[in-house]
Amino acid sequence: MAGIKDVATAAGVSVATVSRVLNGHPSVSAGARGRVLAAVEALGYRPNAVARSLRTDQTHTLGLVISDVLNPYFTELARSVEEEARALGYSVIIGNADERPDLQDHHVRNLLDRRIDGLLVSPTDGGSPLMLEAARAGTPMVFVDRWIPGVDVPVVRADGRAAVRDLVAHLYGLGHRRLAIIAGPAATTTGSERVEAFRAALAEHGLALPDAYTGQGDFQAESGRRVTEGFLDLPEPPEAIFAADNLMALGALDAVRARGLRVPDDVALAAFDDIRWFVHTDPPVTAIAQPTGELGRAAVRALVDLIEGRDPRSVTLPARLVVRRSCGEPPGLPLSPHPPQSLPPVQRSTS
């Protein structure tokens with residue numbers, strides 16, 4: 001069966017242009033419209049049920065499906081999305097997937113039924129048939145923070161690989177050699193990417209990542225607590241633990257304290273996804289910060305470009321290491337505050 005990408009190829013236009021023609025958008029030239037309609041007829045393309053859920057008139061409403069509303073990172077992301085959308089004349093309906101693929105798809109279906117103009121999603125995993133169907137149907141959609149490989153929509157995210165490399169070099173410089181990671185779900189792009197970045201950074205210093213030092217978490221605090229307890233039970237516990245998100249780091253901190261141990265005296269702790277709380281914990285947590293506010297704003301701008309007939313762009317912004325006191329840093333080292341919400345992009349690529 002022909003899909004919207006086949007129509008776009010046959011007509012010599014972008015997928016966004018095909019979507020605009022099918023939804024009656026007035027910005028398409030007569031020539032392009034004619035080529036698209038001819039390709040639709042020749043290929044026998046018929047929009048599926050997801051595409052039919054979209055109206056030809058705009059509601060000026062965007063849908064946002066985030067992975068976990070209790071995670072301060074996603075709370076901050078949602079706030080920046082709502083602020084940017086409001087500034088551009090759109091309102092936002094938010095759905096919380098609670099890191100559950102079934103709940104994610106439930107929210108996506110409901111939002112499409114409400115006939116939103118476009119959809120922002122931070123996918124809970126990479127295997128949602130509904131997400132693939134929505135993309136193929138031409139639903140205006142942007143992935144933010146996480147993405148699904150093979151789904152051809154713009155992606156707005158942070159690249160944390162350089163920051164992870166900086167973190168490992170920082171830990172190595174402090175004398176730590178036994179480094180462990182509490183990983184996020186392997187089914188998420190961020191979960192797998194952070195583990196691989198950590199492993200590659202260790203290799204640069206001649207260090208391995210043994211299986212015993214790799215704990216599988218789920219981006220929730222309880223998994224951070226459980227994995228850390230396992231690390232502490234090892235005959236040779238790690239000297240430093242890197243939690244691949246902030247909630248797992250808080251769980252790890254609880255597990256260390258429950259044993260009567262202290263960070264960083266007994267074990268160092270660092271986290272991905274800096275949050276405002278980390279500067280107030282004891283000790284303040286060394287973390288990798290993403291430009292959360294700018295990610296949210298850039299995602300909205302990309303989606304509105306798609307809705308309003310402009311060519312959207314994928315955006316990659318840099319994460320950066322924020323050094324504090326949780327890894328055994330010397331007392332005289334200046335304490336980094338919570339970082340600013342806007343950082344310059346390091347890469348922009350046409351989607």
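The values are calculated or read from the model by the stated rules, or taken from the named source; none is laboratory data. These numbers were taken from a predicted model, which means no experiment stands behind them. A quick note on method: Cβ atoms are made from the backbone with ideal geometry, for glycine too, and the neighbour counts reach across all protein chains shown. Note: accessible area is taken over every heavy atom of the protein model, side chains too, but ligands, DNA and RNA are not part of it. Shrake-Rupley method; radii C 1.70, N 1.55, O 1.52, S 1.80 Å.
Take the conditions (1) under 28 Å from the mean Cα position of the chain (by Cα); (2) crowded, with 18+ Cβ neighbours inside 10 Å; residue 237 misses just one of them, which is (1). When the range 140-152 is filtered for residues that are open to solvent by less than 10 Å² (accessible area, probe 1.4 Å) and either over 29 Å from residue 271 (Cβ atoms) or touching a His at 6+ places or on another chain (Cβ under 9 Å) (or both), only 141 remains. Only residues that are among the polar types (S, T, N, Q), open to solvent by 10 Å² or more (accessible area, probe 1.4 Å) and in contact (Cβ under 8 Å) with a residue 24 or more places away in the chain were counted across the range 168-211, and they come to 1.
Restricting attention to the range 72-90, does a residue exist that is among the β-branched types (Val, Ile, Thr) and touching a Leu at 6+ places or on another chain (Cβ under 6 Å)? Yes; the residues of the range 72-90 include at least one that is among the β-branched types (Val, Ile, Thr) and touching a Leu at 6+ places or on another chain (Cβ under 6 Å). From the list 322, 300, the one residue that fits, being surrounded by 24 or more Cβ atoms within 10 Å (Cβ to Cβ), of a type outside the set (Ser, Thr, Tyr) and modelled with pLDDT of 95 or more, is 300. Looking only at the range 245-282, residues that are part of a loop (DSSP other than H, G, I, E, B), closer than 10 Å to residue 224 by Cβ and open to solvent by 20 Å² or more (accessible area, probe 1.4 Å) come to 0 in all. For the range 283-300, filtered to residues that are part of a helix (DSSP H, G or I) and either out of contact with any helix residue (DSSP H, G or I) (no Cβ under 7 Å at 6 or more places or on another chain) or β-branched (Val, Ile, Thr) (or both), the residue that is farthest from residue 160 (Cα to Cα) is 300. Taken over the range 161-193, the criterion of being closer than 19 Å to residue 208 by Cβ, of a type in the set (A, V, I, L, M, F, W, C) and assigned to a helix (DSSP H, G or I) is satisfied by 164, 167, 168, 169, 171. Please go through the range 91-129 and give me each residue that is open to solvent by less than 10 Å² (accessible area, probe 1.4 Å), closer than 18 Å to residue 69 by Cβ and assigned to a strand (DSSP E or B), ordered by number. 95, 119, 120, 121 - these are the residues of the range 91-129 that are open to solvent by less than 10 Å² (accessible area, probe 1.4 Å), closer than 18 Å to residue 69 by Cβ and assigned to a strand (DSSP E or B). Pairs are defined by a Cβ separation below 6 Å, a sequence spacing of at least 6 or placement on different chains, a first member in the range 294-320 that is among the charged types (D, E, K, R), and a second member that is in a helix (DSSP H, G or I); the pairs so defined are 297/80; 297/84; 320/163. The criterion of at least 1 residues that are open to solvent by 20 Å² or more (accessible area, probe 1.4 Å) and modelled with pLDDT of 90 or more is met by the following helices (runs of 4 or more DSSP H) wholly inside the range 1-85: 4-11, 30-43. Residue pairs whose Cβ atoms lie under 9 Å apart, sitting 6 or more positions apart in sequence or on different chains, and linking a residue in the range 213-232 that is free of Cβ contacts under 8 Å to residues at least 60 places away in the same chain to a partner that is of a type in the set (S, T, N, Q) and open to solvent by 10 Å² or more (accessible area, probe 1.4 Å), are 223/216; 227/216. Condition first: in contact with a His (Cβ under 9 Å, 6 or more places away or on another chain), open to solvent by less than 40 Å² (accessible area, probe 1.4 Å) and not aliphatic (A, V, I, L, M). Can you find one or more residues in the range 154-167 that meet it? There is no residue in the range 154-167 that is in contact with a His (Cβ under 9 Å, 6 or more places away or on another chain), open to solvent by less than 40 Å² (accessible area, probe 1.4 Å) and not aliphatic (A, V, I, L, M). Hey, residue 309 hits all of (1) in a loop (DSSP other than H, G, I, E, B); (2) modelled with pLDDT of 95 or more; (3) within 26 Å of residue 63 (Cβ to Cβ); (4) not polar (S, T, N, Q) but one; which does it fall short on? For residue 309, the failing item is (2).
Pairs are defined by a Cβ separation below 6 Å, a sequence spacing of at least 6 or placement on different chains, a first member in the range 129-147 that is within 15 Å of residue 187 (Cβ to Cβ), and a second member that is assigned to a loop (DSSP other than H, G, I, E, B) and polar (S, T, N, Q); the pairs so defined are 145/122; 146/122; 146/188.
Checking the range 91-109 against the condition returns a match, with at least one residue being free of Cβ contacts under 8 Å to residues at least 24 places away in the same chain and of a type in the set (Lys, Arg). Selection of the range 192-211 for residues being hydrophobic (A, V, I, L, M, F, W, C) and in contact with a Phe, Trp or Tyr (Cβ under 8 Å, 6 or more places away or on another chain) yields 198, 207, 209. When the criteria are applied in full, residue 148 fails the requirement of being on the phi < 0 side of the Ramachandran plot and at pLDDT 95 or above. Scanning the range 118-134 for residues that are modelled with pLDDT of 90 or more and out of contact with any strand residue (DSSP E or B) (no Cβ under 6 Å at 6 or more places or on another chain) gives a single hit, 123.
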